[in-house]
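The values are calculated or read from the model by the stated rules, or taken from the named source; none is laboratory data. Being a predicted model, the structure only gives us computed values, none of them experimental. Glycine gets a Cβ as well: all are built from the backbone with ideal geometry, and neighbour counts include every protein chain shown.
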Amino acid sequence: MERVKIDLGKNSYDILIGKNLLKDLKTLLDGNLEQYFIITDKNVDALYGDYLNMLDDYEKIIIEPGEQSKSIDVMTDVLKQMLEKGATRRSGVVSFGGGVVGDLAGFCSAIYMRGIPFVQIPTTLLAQVDSSVGGKTAINLLHYKNNVGAFHQPAKVIIDTVFLETLPHRELLSGIGEIVKYGIIYDYDFFKYVVENIEQIKERNSDVMIYIIKRCCEIKAEIVSQDEKEEGLRKILNFGHTIGHTLEGMSSFSKYAHGEAVIIGMYYETIMAKRLGIVNDKYAERILGFLSGLGVDLNIDSYPVSGLVDWMLKDKKNVGGKISFILPVEEGKVKELLLEKNEVLKHMSFWDGQHR
């Protein structure tokens with residue numbers, strides 16, 4: 001079993017990574033809590049719900065799969081069930097699912113009785129390498145991504161690679177989007193490793209998967225330990241997300257998986273960096289070539305530039321009315337640019353069939 005520590009003083013916690021860790025779930029969850037409330041979705045429960053039977057005292061709350069469950073209505077229903085089933089401040093929440101379940105369960109635990117502990121057990125590659133780590137919890141409001149939420153760090157993250165064996169290919173690609181992001185924003189050697197080992201990643205080679213999950217968690221740990229509340233360095237994790245979140249919202253969270261939207265976002269934000277002259281063409285082409293080869297449909301011609309930009313103007317990351325972009329500048333490095341609406345309209349006018 002591999003272990004990565006998130007060093008946040010009193011809010012520090014461990015990320016445990018390995019295969020078949022859930023066989024020891026009772027031991028791994030050992031603590032001083034009176035009862036666990038497992039929040040999961042129907043798909044995960046059908047595949048892996050039996051693992052929970054080894055626990056002595058727990059209640060299960062099952063939600064529908066999909067981004068639509070990150071809503072006020074579903075959140076309210078979960079909180080009502082917790083209250084009706086007797087959750088107290090001595091109870092704990094366990095998120096057992098992908099990013100949607102993790103965001104929702106984490107937010108419910110953050111606001112229930114002013115905050116109770118929770119544990120992340122992420123079951124998708126994207127959640128294992130990204131959303132389960134760092135304490136961001138949220139729901140969506142009026143189709144705007146994660147605009148109601150709280151920073152609430154988990155007590156522990158348990159990552160079992162056995163879940164990857166049943167992960168649909170589309171969800172695997174979604175996770176690869178977040179994986180390659182870490183190399184572009186922070187560690188160029190890791191970017192090269194991902195590029196060179198992409199076929200083994202797609203084949204879910206156990207040793208390769210454990211290595212990349214651990215390295216992603218290490219990078220995120222380094223970033224979050226320095227900037228827990230996204231006041232500076234942590235912003236680099238948003239590469240691809242300005243355009244990505246916009247595409248998710250404009251399509252009512254029905255067309256793209258989150259990682260797919262991030263891949264598309266990184267692709268077009270790299271083109272923006274080229275047009276702005278802040279990244280050299282050779283490096284930009286290496287990024288664009290890798291992203292275009294993943295198999296995600298990059299065509300977004302059906303979305304008018306003006307509509308995309310208007311949507312971006314309501315992004316929570318913006319500063320002083322300017323739209324925040326994290327853009328690549330050199331190997332393993334990015335920087336934030338705050339752009340006026342007119343500047344964004346100018347540099348996002350790729351919709352001529354000649355995107356690159």
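Among GLY259, GLY240, GLY307, GLY295, which is touching a Lys or Arg at 6+ places or on another chain (Cβ under 7 Å), touching a residue at least 40 places away in the same chain (Cβ under 8 Å) and assigned by TED's automatic domain parsing to the domain that holds SER174?
Working: GLY259 fails: touching a Lys or Arg at 6+ places or on another chain (Cβ under 7 Å); GLY307 fails: touching a Lys or Arg at 6+ places or on another chain (Cβ under 7 Å); GLY295 fails: touching a Lys or Arg at 6+ places or on another chain (Cβ under 7 Å).
After applying the criteria, what remains is GLY240.
What helices (runs of 4 or more DSSP H), lying completely within region 242-356, carry at least 3 residues that are under 27 Å from LYS202 (Cβ atoms), of a type outside the set (Val, Ile, Thr) and in contact with a strand residue (DSSP E or B) (Cβ under 9 Å, 6 or more places away or on another chain)?
In region 242-356, 258-276 are the helices (runs of 4 or more DSSP H) which contain 3 or more residues that are under 27 Å from LYS202 (Cβ atoms), of a type outside the set (Val, Ile, Thr) and in contact with a strand residue (DSSP E or B) (Cβ under 9 Å, 6 or more places away or on another chain).
Consider PHE191 against the criteria (1) hydrophobic (A, V, I, L, M, F, W, C); (2) out of contact with any Gly (no Cβ under 7 Å at 6 or more places or on another chain); (3) in a helix (DSSP H, G or I): it satisfies all of them except one. Which criterion is unmet?
If we test PHE191 against (1) hydrophobic (A, V, I, L, M, F, W, C); (2) out of contact with any Gly (no Cβ under 7 Å at 6 or more places or on another chain); (3) in a helix (DSSP H, G or I), just (2) comes out false.
Go through region 19-46 residue by residue and tally those that are of a type outside the set (Val, Ile, Thr) and either modelled with pLDDT of 95 or more or not assigned by TED's automatic domain parsing to the domain that holds GLY135 (or both).
Summing the residues that are of a type outside the set (Val, Ile, Thr) and either modelled with pLDDT of 95 or more or not assigned by TED's automatic domain parsing to the domain that holds GLY135 (or both) in region 19-46 gives 6.
Of all residues being under 19 Å from GLY135 (Cα atoms) and in contact (Cβ under 8 Å) with a residue 24 or more places away in the chain in region 12-34, which is surrounded by the most Cβ atoms within 10 Å (Cβ to Cβ)? Just the residue, please. So that I can check it myself, show each step before the final result.
First, the residues of region 12-34 that are under 19 Å from GLY135 (Cα atoms): 12-17, 29.
The next check asks that each one be in contact (Cβ under 8 Å) with a residue 24 or more places away in the chain; those that pass are 13-17, 29.
Values: TYR13: 19, ASP14: 15, ILE15: 25, LEU16: 17, ILE17: 22, LEU29: 19.
Out of the qualifying residues, it is ILE15.
Has region 185-198 got any residue that is out of contact with any helix residue (DSSP H, G or I) (no Cβ under 6 Å at 6 or more places or on another chain), hydrophobic (A, V, I, L, M, F, W, C) and surrounded by fewer than 20 Cβ atoms within 10 Å (Cβ to Cβ)?
So far as region 185-198 goes, yes, one or more of its residues are out of contact with any helix residue (DSSP H, G or I) (no Cβ under 6 Å at 6 or more places or on another chain), hydrophobic (A, V, I, L, M, F, W, C) and surrounded by fewer than 20 Cβ atoms within 10 Å (Cβ to Cβ).
Being at pLDDT 95 or above and outside any helix (DSSP H, G or I), is that true of even one residue in region 222-239?
yes
Filter region 199-210 for residues that are hydrophobic (A, V, I, L, M, F, W, C) and touching a residue at least 24 places away in the same chain (Cβ under 8 Å); which is surrounded by the fewest Cβ atoms within 10 Å (Cβ to Cβ)?
Per the stated criteria, the residue is ILE210.
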